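*Asks:* Before I ask anything, here is the structure I am working with.
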């Protein structure tokens with residue numbers, strides 16, 4: 001009986017840790033709007049579906065388009081507007097060498113860059129696009145927010161540039 005109770009306590013602790021890891025990033029004093037949470041979900045859904053790391057996101061009227069690096073291939077995953085369902089994917093392109101090099105140099109994920117950028121933008125920011133680029137030899141996530149604001153997040157340490 002004691003071992004069953006210990007297992008239940010351990011599973012509860014793991015569940016709490018897993019759920020807190022999925023909680024919105026609270027740095028910078030802001031919080032994610034529902035559409036930004038959808039963007040983060042879309043990225044993680046696409047990564048899970050394709051089995052790789054996302055390096056670009058684009059908001060369409062009726063879905064998210066997420067580009068995921070899987071080995072040396074680029075997989076484009078179409079994800080539902082709420083970010084919970086991969087609707088289709090196409091992996092017919094070879095991953096660009098510049099994208100591959102930039103992604104290899106990052107420790108900040110696309111999902112984290114979106115969280116960071118959304119907390120830095122004012123007044124209910126809605127992420128429209130995010131892409132990984134090289135600036136001065138360093139990887140930078142360029143996150144475009146509705147209204148024309150672009151937030152640059154370091155791919156190395158997550159700082160806002």
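Rule-based calculations on the coordinates, nothing more; no lab input. Because the structure is predicted, anything quoted here is derived from the model rather than measured. Here the Cβ is made from the backbone with ideal geometry for all residues, glycine too, and neighbour counts use every protein chain on show.
*Asks:* Can you tell me which residues in the stretch 36-67 are in a strand (DSSP E or B), surrounded by fewer than 24 Cβ atoms within 10 Å (Cβ to Cβ) and touching a residue at least 40 places away in the same chain (Cβ under 8 Å)?
*Replies:* Listed by number, the residues that qualify are 53, 56, 58, 59.
*Asks:* Scan the stretch 107-125 and tell me whether some residue there is within 18 Å of residue 46 (Cβ to Cβ), surrounded by 15 or more Cβ atoms within 10 Å (Cβ to Cβ), touching a residue at least 40 places away in the same chain (Cβ under 8 Å) and over 16 Å from the mean Cα position of the chain (by Cα).
*Replies:* no
*Asks:* For the stretch 68-100, which residues satisfy the criterion of being assigned to a loop (DSSP other than H, G, I, E, B), surrounded by fewer than 19 Cβ atoms within 10 Å (Cβ to Cβ) and more than 17 Å from the chain's Cα centre (by Cα)?
*Replies:* 71, 72, 96
*Asks:* While we're looking at this one, here's another question. Restricting attention to the stretch 117-137, which residues are farther than 22 Å from residue 81 by Cβ and touching a helix residue (DSSP H, G or I) at 6+ places or on another chain (Cβ under 9 Å)?
*Replies:* 120, 132, 133, 134 - these are the residues of the stretch 117-137 that are farther than 22 Å from residue 81 by Cβ and touching a helix residue (DSSP H, G or I) at 6+ places or on another chain (Cβ under 9 Å).
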